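For reference, the structure discussed in these notes is given below.
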Amino acid sequence: MTETLVRVPHSPMLAWGYNNSGGLGLGHVARVYRPAQAALPAGVTAVQGGGEFTVARTSAGELYACGGNRYGQLGDGGTQTRLTWEPVRLLAGTFVADVQAGIDHVLALTAHGEVYAWGRNHRGQVGSGPTEHQLTPARVIESGAASLAAGRGTSAAVTTDGQLLTWGRNGSGQTGLGATSDVTTPTASPLTGGVKAAAVDVGYQHTVVLTTTGELLAFGADPRGRPLPLRVPLDQAWGRVRAIRAGSSFTLALTSRGLLLAWGANEAGQLGLGDQVNRDAPAVIAFPRTAGPVTSFWAGDHSAAAVTFGGEIYTWGETRFGEGGRGRVTAPQTRPRRVTLPGGRRALAISGGANHYIVTLGFGPGPGLPG
């Protein structure tokens with residue numbers, strides 16, 4: 001992998017939010033309260049953020065990272081903060097198909113189903129066995145992985161045959177292994193009755209699993225520390241769940257009808273339901289009728305964002321770190337509010353980190369509904 005960093009003169013992405021360690025890759029550490037053009041390495045097609053850093057994947061399967069690096073989460077072999085994008089030290093010939101960033105660790109999935117991990121490892125979230133921090137990528141799954149999830153000290157993977165693997169922080173039983181001790185290597189979580197996993201995501205003290213039959217399962221504890229019921233109640237009228245995202249202590253799910261569901265902690269209005277009341281069961285977030293269905297979404301630490309069919313961006317929840325993208329606001333935002341994008345541009349997809357967001361831009365008609 002070349003060490004030369006080529007910059008895109010006109011980036012197809014915008015970024016805003018928390019930037020105290022330079023995690024937006026803008027070359028400075030000032031907080032960003034409105035969408036700013038992101039200067040990314042050439043060929044970047046996907047971006048994932050952690051607590052104080054961001055990782056970008058290129059079409060060539062390479063990774064670059066910037067921001068806070070106290071635990072080696074940039075994967076460059078050191079612990080120095082980087083204000084500009086630097087290559088992650090992967091083995092020559094490694095093609096990364098997907099990357100997921102936790103608060104301070106990273107998981108990367110290769111085209112061969114391998115999983116590499118690096119960064120903070122105090123709860124075993126890297127999955128390498130010993131709990132020393134990992135400054136460069138270490139292979140923790142040799143083959144068979146299909147998708148990944150990384151949260152606050154907990155990691156998970158779904159295999160090609162629908163098996164769920166979990167490891168890391170487990171004080172609330174969020175690994176689904178029936179105990180509460182931390183798990184330092186990827187371990188199969190039993191899904192009873194022949195159930196197979198299709199997708200997984202993890203928060204601070206909970207894990208949510210989407211099964212191949214469209215059910216939602218949850219492990220761990222609710223915002224008050226009570227054990228979660230295994231099955232999440234769903235209304236068939238909402239359509240089938242197609243995608244899930246876990247925030248710190250809340251969850252979002254997107255259905256085939258383009259409805260966005262929310263439940264869990266709500267102290268900052270991160271459920272987008274117009275109040276700050278916790279919810280034990282999913283409820284539908286309301287968007288303006290003219291916006292159309294939701295096509296892409298992200299759950300941050302205590303905030304959230306979505307892209308609608310019309311290419312509009314909406315944010316809600318905590319705003320004090322600039323997450324709202326609508327200027328200097330400190331009060332919780334309990335309903336989705338539209339973010340103004342530069343003239344003529346529309347959003348295609350959104351991702352981000354704990355307290356920052358990154359939007360992929362485009363022209364023309366909106367993206368389709370999830371398959």
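Summary of computed values
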quantity: Qualifying positions in the range 143-162 - part of a loop (DSSP other than H, G, I, E, B) and touching a Gly at 6+ places or on another chain (Cβ under 8 Å); calculated: 143, 144, 151, 152, 153, 160, 161
quantity: Hey, residue 271 crowded, with 24+ Cβ neighbours inside 10 Å and in a loop (DSSP other than H, G, I, E, B) or not; calculated: yes
quantity: Residue 202, sole failed condition from (1) under 21 Å from residue 50 (Cα atoms); (2) more than 21 Å from the chain's Cα centre (by Cα); (3) of a type in the set (Val, Ile, Thr); calculated: (2)
quantity: Qualifying residue in the range 241-248 (condition: part of a loop (DSSP other than H, G, I, E, B), within 27 Å of residue 347 (Cα to Cα) and touching a residue at least 40 places away in the same chain (Cβ under 8 Å)); calculated: yes
quantity: Residues being crowded, with 16+ Cβ neighbours inside 10 Å, among the hydrophobic types (A, V, I, L, M, F, W, C) and over 15 Å from residue 113 (Cβ atoms) - total across the range 165-184; calculated: 3
quantity: Pick from the range 185-230, criterion crowded, with 21+ Cβ neighbours inside 10 Å and of a type in the set (S, T, N, Q), ranking: nearest to residue 249 (Cα to Cα); calculated: 205
quantity: Whichever residue in the range 130-156 is surrounded by fewer than 24 Cβ atoms within 10 Å (Cβ to Cβ), among the polar types (S, T, N, Q) and without any contact (Cβ under 8 Å) to a residue 60 or more places away in the chain and, among such residues, is nearest to residue 118 (Cα to Cα); calculated: 131
quantity: Pick from the range 140-165, criterion polar (S, T, N, Q) and over 12 Å from residue 126 (Cα atoms), ranking: farthest from the chain's Cα centre (by Cα); calculated: 143
quantity: Selected residue (only one of 100, 125, 80, 73 is part of a loop (DSSP other than H, G, I, E, B), among the polar types (S, T, N, Q), modelled with pLDDT of 95 or more and within 18 Å of residue 159 (Cα to Cα)); calculated: 125
quantity: Answer residue from the range 78-93, given it is farther than 17 Å from residue 44 by Cβ and hydroxyl-bearing (Ser, Thr, Tyr) and is surrounded by the most Cβ atoms within 10 Å (Cβ to Cβ) among those; calculated: 81
quantity: Which listed residue is over 23 Å from residue 46 (Cβ atoms), of a type in the set (A, V, I, L, M) and within 17 Å of the chain's Cα centre (by Cα), from 246, 304, 237, 262; calculated: 262
quantity: Residue within the range 296-304 that is over 20 Å from residue 48 (Cα atoms) and out of contact with any Cys (no Cβ under 9 Å at 6 or more places or on another chain) present; calculated: no
quantity: Among the candidates 88, 96, 106, residue that is more than 17 Å from the chain's Cα centre (by Cα) and either at positive phi or among the β-branched types (Val, Ile, Thr) (or both); calculated: 88
quantity: Tabulated pairs, the range 64-87, first in contact (Cβ under 8 Å) with a residue 24 or more places away in the chain, second of a type in the set (Asp, Glu) and in a strand (DSSP E or B), C-beta under 6 angstrom, 6+ apart or interchain; calculated: 76/86
quantity: Residue satisfying condition, being closer than 18 Å to residue 286 by Cα and assigned to a strand (DSSP E or B), within set 254, 217; calculated: 254
quantity: Every pair of residues 6+ apart whose Cβ atoms lie under 6 Å, when the first sits in the range 170-194 and is within 12 Å of residue 227 (Cβ to Cβ) while the second is outside any loop (DSSP other than H, G, I, E, B) and of a type in the set (A, V, I, L, M); calculated: 172/221
quantity: Qualifying residue in the range 6-14 (condition: more than 28 Å from residue 200 (Cβ to Cβ), under 20 Å from the mean Cα position of the chain (by Cα) and either among the charged types (D, E, K, R) or buried (at least 24 other Cβ atoms within 10 Å of the Cβ) (or both)); calculated: yes
quantity: Test: residue in the range 283-303 that is in contact with a strand residue (DSSP E or B) (Cβ under 9 Å, 6 or more places away or on another chain), at pLDDT 95 or above, crowded, with 21+ Cβ neighbours inside 10 Å and under 12 Å from residue 216 (Cβ atoms); calculated: no
quantity: Sole residue being of a type in the set (Asp, Glu), under 19 Å from the mean Cα position of the chain (by Cα) and either surrounded by fewer than 24 Cβ atoms within 10 Å (Cβ to Cβ) or under 15 Å from residue 16 (Cα atoms) (or both), chosen from 312, 323; calculated: 323
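The values are calculated or read from the model by the stated rules, or taken from the named source; none is laboratory data. Since the model is a prediction, treat every value here as computed from it, not as a measurement. As a convention, Cβ positions derive from the backbone with ideal geometry for all residues, glycine included, and neighbour counts pool all protein chains shown.
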